[in-house]
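Q: Take a look at this one; I'll ask things after.
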């Protein structure tokens, strides 16, 4: 049988294949990534695109939750102060209803209740990072003292509500407009306060006025639950999103991360193979029959 | 070095070289293309995600001017990513077009040389001289030609005739037929043989690989980008129209409206507004409302391009490009293994073995020695015969 007397091209091709494997392994080790270009693993590369998108979305959700949380906490603590102030107003009203009280004392109580009313007004106008919390979606000071209004206070905000997306298809409402919070029909806080002040001044209908302040108190307490709920929902979602992010990064690592141990041994293998091929090529007999003639 | 030839084997090698040339041209150009779609901080996929993340931030404080500016910046980056990628595709297509022209010139040079060699070989044969050196040279040139284009070889009395696989004559005897390139209305060079457009019929050699990427792959990717860009821009614009800007006016276009056909949407993508207050975040006209941001965000999950959400559509595009390259590379590897084997086989038939030649040389030397010995003997015998009577 006649064999190819010049196998050098074959050997060169083999050496090049080894070199290519070695280069691939080194690139994977250097970048820590198994997929450095789409052709390394087309399906994996497509998955990585989707993982990156979902991970970026989860990041955005988390950052929104962080931002909006401050606003919700602020609203909640403001409402807590409102409740305290209303409790004080009720106590003052009850005190004013006792018949033994002198006119001067009752007027002094009315004065004090007026102070509470002003406090409530400033609480209802509270703002967070320059935004009024209880103005609906309007960017104006929501409650303005107005003697012409029957309740003594005018609402300049609107009834708009905002909600933010904090998960796939999961929206959380993040505000209650001031008119719903403090000026709902039948439970109008400022009207109740106004009535209390007038009744203390005139010493008539104090009991009725106190009971309508109580009603406002119950109503605000009930509405406050909204913020508590929103904060709880967001905090649960925060935990979920952090878990999701962790999962996504693990998934990405599985799909695209280099198997360092595997790649390292592949590198050693291809190095050995290349060394062997080089040695073999070098050892190939240089002589021929001519040398012996 | 080679004088024994197996013509069937030579033909197989030529065919395999054409195959390999084809895959080489294809993989080489596609590898350049896929770089644009490798995971990086500036690719289209990342820019899409960043744009929607900026909208998400805006939804927490819709009247905030710096957040609004953030959305415009992200939208600008998104548009720029589409434009850059699209422009790079065009650039690459133009480069491939140059390669096509250069390859055709190389083919013309080779066919002219082969025709000249055919002539010399015929002349020498007519003068009863051995033309092997020229035949070897011609085989080398036909091999080179096989790397460039699909060639069929026909042996005839006046040397070899070469045609492309669909029968376009390249060389007939001592005549060669130059190919010609002409600019097509589509802006790329088409290949003509004697006035006939043969671009679509070329099926081998690196020319076929270049043509496939230039005429099918790049336009295909370009189309997908246009679909995605137009889908995104249209969906975001129509959501934007339903909202109100910071001043309470109805929203206009967020992105410059893409061409109705969608063609060129990627290369011309641009943000339509520069004033951040014009972003229509509000759904009720009040500046603090974020209702319309939700509508814009919803585009992230809408089937805006061929029924798929933007990130999925882009992921599928990355998959298609990646698998084109990896399939091509696998075929390239296979072709090079087959070619290696065939060449080894040719070597075993036609390669010059020094040992064999040495053995032959010794044999001839021995024969020469023996013949010389015969002459010496005859000489001695004659000598003896001439001097017979002298003693």
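Q: Taking only the stretch A:247-293 into account, find how many residues are over 30 Å from residue A:9 (Cβ atoms), part of a loop (DSSP other than H, G, I, E, B) and either within 14 Å of chain B (Cβ to nearest Cβ) or in contact with a strand residue (DSSP E or B) (Cβ under 9 Å, 6 or more places away or on another chain) (or both).
A: Result for the stretch A:247-293: 1.
Q: Name the residues in the stretch A:199-216 that are in contact (Cβ under 8 Å) with a residue 40 or more places away in the chain and farther than 16 Å from residue A:95 by Cβ, would you?
A: A:216 - this is the single residue of the stretch A:199-216 that is in contact (Cβ under 8 Å) with a residue 40 or more places away in the chain and farther than 16 Å from residue A:95 by Cβ.
Q: Taking the stretch B:85-120, which residues are free of Cβ contacts under 8 Å to residues at least 40 places away in the same chain and surrounded by fewer than 20 Cβ atoms within 10 Å (Cβ to Cβ)?
A: Selection gives B:91, B:94, B:95, B:98, B:102, B:105, B:109, B:113, B:120.
Q: The conditions are (1) within 27 Å of residue A:69 (Cα to Cα); (2) at pLDDT 90 or above, and residue A:190 fails exactly one of them. Which is it?
A: All conditions are met except number (1).
Q: Among the residues of the stretch B:262-269, is there at least one that is touching a strand residue (DSSP E or B) at 6+ places or on another chain (Cβ under 8 Å) and surrounded by fewer than 15 Cβ atoms within 10 Å (Cβ to Cβ)?
A: Looking through the stretch B:262-269, none of the residues is touching a strand residue (DSSP E or B) at 6+ places or on another chain (Cβ under 8 Å) and surrounded by fewer than 15 Cβ atoms within 10 Å (Cβ to Cβ).
Q: Same structure again: Given (1) assigned to a helix (DSSP H, G or I); (2) at the interface with chain B (Cβ under 7 Å from one of its Cβ atoms), identify the lone condition not met by residue A:6.
A: Condition not satisfied by residue A:6: (1).
Q: Residues in the stretch B:54-85 that are farther than 18 Å from residue A:56 by Cβ, in a helix (DSSP H, G or I) and within 13 Å of chain A (Cβ to nearest Cβ): how many?
A: 2
Q: Given (1) more than 8 Å from chain A (Cβ to nearest Cβ); (2) touching a helix residue (DSSP H, G or I) at 6+ places or on another chain (Cβ under 8 Å), identify the lone condition not met by residue B:376.
A: (2) is the only condition that residue B:376 fails.
Q: May I ask you to list the residues in the stretch B:36-46 that are without any contact (Cβ under 8 Å) to a residue 12 or more places away in the chain and more than 7 Å from every other protein chain (Cβ to nearest Cβ)?
A: B:40, B:41
Q: I'd like the residue in the stretch B:20-53 that is closer than 17 Å to residue B:270 by Cα and assigned to a loop (DSSP other than H, G, I, E, B) and, out of all such residues, is modelled with the highest pLDDT.
A: B:43
Q: Moving to a separate point now. Please determine, by comparing only the residues of the stretch B:143-162 that are out of contact with any strand residue (DSSP E or B) (no Cβ under 7 Å at 6 or more places or on another chain) and more than 14 Å from residue B:19 (Cα to Cα), which one is modelled with the highest pLDDT.
A: Step by step, filter the stretch B:143-162, then rank; the result is B:155.
Q: Let me ask you something else. For residue A:64, indicate whether it is at the interface with chain B (Cβ under 9 Å from one of its Cβ atoms), closer than 21 Å to residue B:58 by Cβ and in contact with a strand residue (DSSP E or B) (Cβ under 6 Å, 6 or more places away or on another chain).
A: Criteria met by residue A:64.
Q: Scan the stretch B:171-196 and report the pairs whose first residue is at positive phi and surrounded by 15 or more Cβ atoms within 10 Å (Cβ to Cβ) and whose second residue is at pLDDT below 90 and part of a loop (DSSP other than H, G, I, E, B), with Cβ atoms within less than 7 Å and a gap of 6+ or a chain change.
A: What qualifies is B:173/B:158.
Q: Here is a further query. Based on this model, can you work out whether residue B:49 counts as surrounded by fewer than 20 Cβ atoms within 10 Å (Cβ to Cβ), within 11 Å of chain A (Cβ to nearest Cβ) and touching a helix residue (DSSP H, G or I) at 6+ places or on another chain (Cβ under 9 Å)?
A: no
Q: Among the residues of the stretch A:40-56, which ones are within 7 Å of chain B (Cβ to nearest Cβ) and either outside any helix (DSSP H, G or I) or within 22 Å of residue B:47 (Cβ to Cβ) (or both)?
A: Selection gives A:42, A:45, A:46, A:48, A:49, A:50, A:52, A:53, A:56.
Q: I need a count of the residues in the stretch B:296-308 that are more than 7 Å from chain A (Cβ to nearest Cβ) and buried (at least 20 other Cβ atoms within 10 Å of the Cβ).
A: 5
Q: Taking the stretch B:163-172, which residues are in a loop (DSSP other than H, G, I, E, B) and in contact with a strand residue (DSSP E or B) (Cβ under 6 Å, 6 or more places away or on another chain)?
A: Correct list: B:165, B:168.
Q: Shifting gears a bit: Only one residue in B:344, B:355, B:333, B:324 is surrounded by 16 or more Cβ atoms within 10 Å (Cβ to Cβ), facing chain A (nearest Cβ under 9 Å) and free of Cβ contacts under 8 Å to residues at least 40 places away in the same chain. Which one?
A: The conditions single out B:344.
The values are calculated or read from the model by the stated rules, or taken from the named source; none is laboratory data. Because the structure is a prediction, the values reported are computed rather than measured. Heads up, the Cβs are rebuilt from the backbone with ideal geometry, glycines too, and the neighbour counts pull from every protein chain shown.
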